[in-house]
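The values are calculated or read from the model by the stated rules, or taken from the named source; none is laboratory data. The shown structure was predicted, so the numbers you read here are calculated from the model rather than taken from an experiment. Cβ sites come from the backbone with ideal geometry, for glycine too, and all protein chains shown count toward neighbours.
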Ligand code: M7G
């Protein structure tokens, strides 16, 4: 019997030669993280709906002082093709309650069917701890002038290291995970699975295209000069995704973040049916809209007002408050 396309796609996502745990550990900073030795300092954020918890942990060094880590634990989506095995191979089925035709159970599974996706940032900086801490948000409306006077000096003075981006571009990390590359230094990019995606199912597909060209910090730096690069990312990125994962361009949400966390231009590709973190209207800018705006006006992103949310303790919010802009 012919395999349904969705099962095939899922199997391909799972089998993708780049998705195994070992290959994800390669590159600078590789090595197994001593998870069992970590002491939990604080729960930064948790979500019962998303089945995720963000922890601030510390790993004790020989001298006795702890090094900070962020550990993110996330229960993974079901994989359709594993369901039969899951029902058959369960280790225990414990009745919780029964009433007439209704009953609920605790179902216990063997470890290989019970994965928890674990993301570690280690050593983590104070900025990482703040990034994941749940906090009240405020909307900022940043004019082109605000960007030049407030935001740009701020991001030049302090923003996350983008060493991991250079490691990908220079093939020093995640080289075996690259899905597609256009090597052109000005108009080329690398397409790679995002840290957030375990590649086991396409329902939560998430890839990023990272441009080779250095120095384009964000949406604010884009002009018509970058249209060839943006169009390559859009067209070639979609072609590579349909070829590898069977998801067509019309089923993809392709966008840039403003503000991003990492100031080296990159574009997010997520499954349209997936509510990816950061795909909200105050952060995601569709690549197709960005291209359209730049075709109409090369200076669009230097002039327009951009709205985004900042967390209560973000130093950039303080800068906007000091300038009387909030
Ligand atoms: P962003 O808009 O700058 O920031 O996107 P965000 O993290 O607040 O969304 C950067 C994207 O790169 C995010 O989707 C991250 O999950 C992803 N990412 C971050 N790091 C450190 C890595 C990494 O080391 N490898 C890969 N493949 N993706 C990463």
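Couple of notes before you dig in:
- Pairing each residue of the range 206-222 that is under 21 Å from residue 306 (Cβ atoms) and more than 11 Å from the ligand (Cβ to nearest atom) with any residue that is at pLDDT 95 or above and assigned to a loop (DSSP other than H, G, I, E, B), provided the two are 6+ apart or on different chains, yields C-beta distances under 6 Å for 211/265; 216/265.
- The single residue among 88, 131 that is at negative phi and surrounded by 14 or more Cβ atoms within 10 Å (Cβ to Cβ) turns out to be 131.
- The range 148-166, subset in a helix (DSSP H, G or I) and in contact with a helix residue (DSSP H, G or I) (Cβ under 9 Å, 6 or more places away or on another chain), residue surrounded by the most Cβ atoms within 10 Å (Cβ to Cβ): 151
- The condition of being closer than 16 Å to residue 183 by Cα and either surrounded by 20 or more Cβ atoms within 10 Å (Cβ to Cβ) or under 21 Å from the mean Cα position of the chain (by Cα) (or both) holds for only one of 229, 222, that being 229.
- Residues (assigned to a loop (DSSP other than H, G, I, E, B) and within 16 Å of the ligand (Cβ to nearest atom)) located in the range 238-271: 258, 259, 260, 261, 262, 263, 264, 265
- Any hit, the range 224-237, residues being closer than 27 Å to residue 162 by Cα, in a loop (DSSP other than H, G, I, E, B) and without any contact (Cβ under 8 Å) to a residue 12 or more places away in the chain: no
- Restricting the first member to the range 116-130 and to residues that are under 14 Å from residue 261 (Cα atoms) and assigned to a strand (DSSP E or B), and the second to residues that are away from the ligand (no atom under 12 Å from the Cβ) and at pLDDT below 95, no beta-carbon pair is closer than 8 Å while six or more apart or on different chains.
- Residue match in the range 291-298 (condition: more than 16 Å from the ligand (Cβ to nearest atom) and closer than 20 Å to residue 139 by Cβ): no
- Checklist (1) in contact (Cβ under 8 Å) with a residue 12 or more places away in the chain; (2) within 27 Å of residue 200 (Cα to Cα); (3) surrounded by fewer than 16 Cβ atoms within 10 Å (Cβ to Cβ) applied to residue 48, failing item: (1)
- Residue identified as more than 13 Å from the ligand (Cβ to nearest atom) and assigned to a helix (DSSP H, G or I) among 145, 181: 145
- Scanning the range 70-94 for residues that are part of a loop (DSSP other than H, G, I, E, B) and within 25 Å of the chain's Cα centre (by Cα) yields 76, 77, 78, 79.
- Count - residues of the range 286-326 that are more than 22 Å from residue 221 (Cα to Cα), loosely packed, with under 14 Cβ neighbours inside 10 Å and without any contact (Cβ under 8 Å) to a residue 12 or more places away in the chain: 3
- Scope the range 276-285; condition within 14 Å of the ligand (Cβ to nearest atom) and on the phi < 0 side of the Ramachandran plot; matching residues: 276, 277, 279, 280, 282, 283, 284, 285
- Note on the range 167-177: residues that are surrounded by fewer than 16 Cβ atoms within 10 Å (Cβ to Cβ) and at negative phi total 3.
- For the range 184-205, filtered to residues that are within 9 Å of the ligand (Cβ to nearest atom) and either in a strand (DSSP E or B) or touching a residue at least 12 places away in the same chain (Cβ under 8 Å) (or both), the residue that is surrounded by the fewest Cβ atoms within 10 Å (Cβ to Cβ) is 195.
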